[in-house]
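The values are calculated or read from the model by the stated rules, or taken from the named source; none is laboratory data. Being a predicted model, the structure only gives us computed values, none of them experimental. So basically every Cβ, Gly included, is an ideal-geometry build from the backbone, and we count neighbours across all protein chains shown.
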């Protein structure tokens, strides 16, 4: 599968000259779009879409047909890797992900399929990527992604979308050796899974470390970043840029500024200008509009976009995005408004 080259999004990542700031939106294919909801209902739910390459391809392309976005992102979920361990993933309406098994003890771990790590059970993702590459036909880059081992572990240990993280934080304190075993296994799986996405044709790789912000500095280095480093070192195609996203980015920037990545994804609680001052041109930045701004009028939206661009204050190396995934309560017309505002304002910031 050939990669997409010389696209605005990829040029911004490489800090090359650009004529406007590119944009894509986390969760851009999904629950705020009526056409997505129609397909999801027909497919019998979220996993019915993810596991069907033709439907997953269609869902991925829906926002690109509606909006002038600068990249597609594969329609999937960070938690599908649980299936490689023989843990069944389902999504319950209004509750989120649920697993039929958890790992909270050595016994739980040994009861699972922990030796093979065969990615064949995720062939539907690779088939989706191949369909997308054919449909995109070099016009737009395609982002593939994984969850960080730490973030995926929080779900597999808790068994669902936790708010308190009692079991995983307890394990970190009382049985760190078991947690490291789980993280080692998830890292091995993540490397194989991401590399197979690359072989299938993705142009950019992304790691979502949604819950990295739960950890203090020493825990973050030990239980999250050390595994991210292993994944980065194992990427088979060194030309594939890597985006790393973590919430509460600014609180961790003194550590993050030393990371070997291509793009840092920033949450909305962080000031992109402060982060830019820390990292200089070491890597590109992605973000970080607050999703709540998409509920405001055009004047407020324009001010918010201008604030981010002014704060970033550099002609390239910025990929515009939200600081979190887009939420179901957003009117798609506001997304179009955001994209139009950015296209209108950003060129003056991109002149060297």
- Note on the structure: Filtering the range 117-138 down to residues that are free of Cβ contacts under 8 Å to residues at least 12 places away in the same chain and either under 17 Å from the mean Cα position of the chain (by Cα) or at negative phi (or both) yields 120, 123, 134
- Message: Any residue in the range 20-36 that is at pLDDT below 95 sitting within a Cβ distance under 9 Å of a residue that is surrounded by 23 or more Cβ atoms within 10 Å (Cβ to Cβ) and part of a loop (DSSP other than H, G, I, E, B)? List the pairs, counting only those 6 or more apart or interchain.
- Response: 30/75; 30/326; 31/326
- May I ask you to verify whether residue 308 is crowded, with 16+ Cβ neighbours inside 10 Å, in contact with a helix residue (DSSP H, G or I) (Cβ under 8 Å, 6 or more places away or on another chain) and over 18 Å from residue 208 (Cα atoms)? yes
- Could you please let me know if residue 73 is farther than 30 Å from residue 203 by Cα, surrounded by 13 or more Cβ atoms within 10 Å (Cβ to Cβ) and modelled with pLDDT of 95 or more? no
- Task: May I ask you to say which residue of 90, 82 is assigned to a helix (DSSP H, G or I), farther than 30 Å from residue 12 by Cβ and touching a residue at least 24 places away in the same chain (Cβ under 8 Å)?
- Result: 82
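Residue-wise test of (1) farther than 22 Å from residue 143 by Cβ; (2) modelled with pLDDT of 95 or more; (3) surrounded by 23 or more Cβ atoms within 10 Å (Cβ to Cβ).
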position: 203; (1), (2), (3): no, yes, yes
position: 215; (1), (2), (3): yes, yes, no
position: 222; (1), (2), (3): yes, yes, no
position: 230; (1), (2), (3): no, yes, no
position: 264; (1), (2), (3): no, yes, yes
position: 271; (1), (2), (3): yes, yes, no
- Taking into account only those residues within the range 37-53 that are part of a loop (DSSP other than H, G, I, E, B) and modelled with pLDDT under 95, which is surrounded by the most Cβ atoms within 10 Å (Cβ to Cβ)? 45
- Item | Residues (in contact (Cβ under 8 Å) with a residue 40 or more places away in the chain, farther than 22 Å from residue 145 by Cβ and part of a loop (DSSP other than H, G, I, E, B)) located in the range 274-325 | 281, 313, 315, 316
- Query: When you scan the range 107-154, how many residues do you find that are modelled with pLDDT under 95 and either in contact with a helix residue (DSSP H, G or I) (Cβ under 6 Å, 6 or more places away or on another chain) or under 23 Å from residue 245 (Cβ atoms) (or both)?
  - Reply: 6
- Query: Quick one: how many residues across the range 222-242 are in a loop (DSSP other than H, G, I, E, B) and touching a strand residue (DSSP E or B) at 6+ places or on another chain (Cβ under 6 Å)?
  - Reply: 2
- Query: Which of the residues belonging to the range 250-266 are within 21 Å of residue 15 (Cα to Cα) and in contact (Cβ under 8 Å) with a residue 24 or more places away in the chain?
  - Reply: 253, 257, 259, 260, 261, 262, 263, 265, 266
